[in-house]
Amino acid sequence: MDLGISGRVALVTGAGRGIGAEICKTLAAEGALVAVNDLFQERADETAAEINGAGGRATGVAADVLDLNAINSAVEFVSAELGPVAILVNNAGIPAVSADDAIPSAGGFFQNSEPGQWERTMGLITYGVLNCSRAVVEGMQERRWGRIVNVISDAGRVGEPRLVAYSMAKAGVIGFSKALAKESGRYGITVNCVSPATTVTDATKAWIESQGDQIMRGYPLARGLNRLGLPSDIANAVAFLASTRAEWITGQVLSVNGGYSMVG
């Protein structure tokens with residue numbers, strides 16, 4: 001199926017590894033020109049090099065999504081290197097859980113949490129989306145075409161214990177997406193969310209293994225497929241919503257979760 005994004009420029013945030021890297025590779029395989037954003041240049045360059053080595057076209061661009069000036073500069077760089085940004089995937093954030101002490105997570109009981117953790121969680125998830133969307137939306141309006149896909153979490157749809165601030169932040173991105181979709185539809189821009197549940201990445205693998213079969217019980221498809229969610233599941237959904245096949249879909253939340261939650 002031709003997704004109609006060949007030659008379009010896609011900027012993916014938090015894409016040096018995990019779900020973001022897989023999104024970049026999937027979009028590149030569909031012919032998109034990919035700008036790989038990460039806080040660390042070496043991570044961004046590593047993903048870009050893998051895409052280029054596979055015959056695609058990508059460039060790495062380091063920028064902190066919490067710094068609007070840095071994001072504006074990154075968008076200018078991407079426009080000069082690849083062309084104007086037509087697809088934005090807001091993937092940067094903070095893991096819900098992590099078994100690696102070097103990777104901060106948003107998890108923990110609310111009564112034990114502190115404002116510093118709230119600020120880190122809310123900032124990365126909400127202000128990152130605001131800054132990156134603000135940096136590209138005006139150009140999309142001028143060209144009368146654009147796709148913004150925000151990677152959220154089912155925690156933002158149903159709420160999760162031990163993820164109170166995280167659930168709040170992800171729910172805020174849903175509200176943002178619906179509002180911007182209504183504001184930008186007149187320009188041919190769509191704004192949607194892809195909502196994963198537990199996904200196997202380097203940050204979550206050890207935690208998932210520590211849970212044994214218990215975690216599998218919450219996912220109707222997990223036993224049938226003998227697995228939990230993979231980054232490729234999320235990437236395929238993002239590619240669809242970024243495509244011309246989804247041009248009549250906006251302001252929606254697509255859960256990619258193996259049936260963990262079934263929100264009507």
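GLY123 is checked against (1) under 16 Å from the mean Cα position of the chain (by Cα); (2) in a loop (DSSP other than H, G, I, E, B); (3) more than 20 Å from LEU27 (Cα to Cα) and fails just one. What number does that condition carry?
With (1) under 16 Å from the mean Cα position of the chain (by Cα); (2) in a loop (DSSP other than H, G, I, E, B); (3) more than 20 Å from LEU27 (Cα to Cα) applied to GLY123, the lone miss is (2).
Being among the polar types (S, T, N, Q), in contact with a strand residue (DSSP E or B) (Cβ under 8 Å, 6 or more places away or on another chain) and closer than 21 Å to VAL136 by Cα is true for just one of ASN52, ASN90, ASN72. Which residue is that?
None of the others qualify; the one that does is ASN90.
Can you tell me which condition GLY251 does not meet? The list is (1) surrounded by 14 or more Cβ atoms within 10 Å (Cβ to Cβ); (2) of a type outside the set (A, V, I, L, M); (3) within 21 Å of VAL65 (Cα to Cα), and all the others hold.
(3)
Restricting attention to region 137-179, report how many residues are over 30 Å from GLY108 (Cβ atoms) and buried (at least 20 other Cβ atoms within 10 Å of the Cβ).
5
Restricting to region 127-149, give me the number of residues that are out of contact with any Leu (no Cβ under 9 Å at 6 or more places or on another chain), of a type outside the set (Lys, Arg) and either under 14 Å from ALA10 (Cβ atoms) or touching a residue at least 40 places away in the same chain (Cβ under 8 Å) (or both).
4
Can you tell me how many residues in region 1-35 are within 10 Å of the chain's Cα centre (by Cα) and at positive phi?
Residues in region 1-35 being within 10 Å of the chain's Cα centre (by Cα) and at positive phi: 1 in total.
Inspect all residues belonging to region 90-113 and state whether any of them is modelled with pLDDT of 95 or more, under 15 Å from LEU39 (Cα atoms), assigned to a strand (DSSP E or B) and not charged (D, E, K, R).
Scanning region 90-113 turns up at least one residue that is modelled with pLDDT of 95 or more, under 15 Å from LEU39 (Cα atoms), assigned to a strand (DSSP E or B) and not charged (D, E, K, R).
Mind checking whether some residue in region 192-208 is touching a Phe, Trp or Tyr at 6+ places or on another chain (Cβ under 7 Å) and either of a type in the set (Gly, Ala, Ser) or more than 20 Å from TYR127 (Cα to Cα) (or both)? Even if it seems obvious, please write down each step before you answer.
Taking region 192-208 and keeping what is touching a Phe, Trp or Tyr at 6+ places or on another chain (Cβ under 7 Å), we get 197.
With either of a type in the set (Gly, Ala, Ser) or more than 20 Å from TYR127 (Cα to Cα) (or both) added as a condition, the list becomes 197.
Yes, region 192-208 has at least one match.
The values are calculated or read from the model by the stated rules, or taken from the named source; none is laboratory data. Treat the numbers as computed from the prediction; the structure is a model and nothing was measured. Here the Cβ is made from the backbone with ideal geometry for all residues, glycine too, and neighbour counts use every protein chain on show.
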